[in-house]
1. Helix 50-67 versus the longest principal axis of the chain: what angle, 0 to 90°, nearest 10, using Cα atoms?
2. Suppose a student asked you for the relative contact order of the chain, using Cα pairs under 8 Å spaced at least 6 residues apart; what percent would you report?
3. Taking Cα pairs under 8 Å and at least six residues apart, what relative contact order does the range 10-122 come out at, in percent?
4. With everything on Cα atoms, drop me the angle between helix 162-181 and the longest principal axis of the chain, reported from 0 to 90° to the nearest 10.
5. Name the residue farthest towards the positive end of the dipole of the range 46-124 from the options Gln52, Asn83, Val108, assuming +1 on Cβ of Lys and Arg, -1 on Cβ of Asp and Glu, about the Cα centre.
6. About the Cα centre, and with charges only on the beta carbon of Lys, Arg (+1) and Asp, Glu (-1), how big is the dipole of the chain? Nearest 20 debye, please.
7. Once neighbouring chains are kept in place and the probe is 1.4 Å, which whole percent of the accessible area of the range 98-248 is contributed by carbon and sulfur?
8. Find the all-direction average of the projected area of the Cα convex hull for the range 26-143, expressing the result in square nanometres with one decimal place.
Amino acid sequence: MQPYWLHAYLLVYTPLGLFADSRVTAQWQQYVLGMLTFAVLYLAAFKAPKEQRVQVWLCVAVATGFEVFCSIVWGVYRYRLHNLPLFVPPGHGIVYLFGLLAAQTPVVKRYGRRVAYAVLGGAGTWALLGLTVLPLVTGRFDVQGALCLPVFAFFLLRSPRWPLFAAIFIIVSELEIFGTSLGSWTWVPVAPWTHIPSGNPPSAIAGAYCIIDASVIALLWSYRVGLNTIRIRISTARSPRIGPTIALLRDSRSNSGDVVSPASTNLI
């Protein structure tokens, strides 16, 4: 159990935090829950390598932008108090950290790609049920979840970071099922603008993290390229040397006629 203790810790905190949110009656209480979640994320990421910590906190920033657009602007889902709860940004960090840590777990090292195939099988089954059986129970056709499945499958099968996406599917599924069941947020039956029917929650919505991860990697790459460019320019810059500069200036003055020999002034 020791290699998985942090995963277990995050999997336990997620439903407990959502249960606490379901009992919240004022926004200041959500602020307290949000600060607690930030503390949980900070402590969980404290022992992670620096590279992973940078990715986690960058994910918090990127995912917050997606949250503002999808929830407040687009309105494809709504939170219970019609706001963006403070616990949501660090919650995305928890999900991302859970995924990053998966690559070093014994199950991934031992079984490799078979883990990805098993996760994809679960996601595909859920997506199929969302179009066939689940509508009889929930009254919703989960077209949106089915549309997310190809994106998720592509990254899961083709990306070298596939353990990240496999683990993210597990924790996002838990988070979405508890969050919607407890009423912390609700996916609208038909998405605005696109008019695509959606489950509550959509089945393979974990595919959205493929876009978030790509954004995080792109930002890190842009930062490193820009930083390296600055370093190269600084290291290759040279201050002008006094000797050659003075000689060049003297030659230029001679050629321009600023310095005239006495003989040249003799008209005879």
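1. That helix lies at roughly 70 degrees to the long axis.
2. On the way: 287 pairs, mean separation 57.1, N = 268.
Normalised by residue count, the contact order of the chain is 21 percent.
3. Answer for the range 10-122 is 30 percent.
4. Its long axis makes an angle of about 50 degrees.
5. The residue sitting most towards the positive pole is Val108.
6. The dipole magnitude comes to about 840 debye.
7. On the way: 5960 of 8470 Å².
Of all accessible area on the range 98-248, carbon and sulfur atoms account for 70 percent.
8. Mean projected area for the range 26-143: 9.7 nm², to one decimal.
The values are calculated or read from the model by the stated rules, or taken from the named source; none is laboratory data. Keep in mind the model is a prediction, meaning the values are calculated, not measured. Every residue, glycine as well, gets a Cβ built from its backbone with ideal geometry; the counts of neighbours run over all protein chains shown. Only protein heavy atoms, including side chains, enter the accessible area calculation; ligands, DNA and RNA are left aside. Shrake-Rupley method; radii C 1.70, N 1.55, O 1.52, S 1.80 Å.
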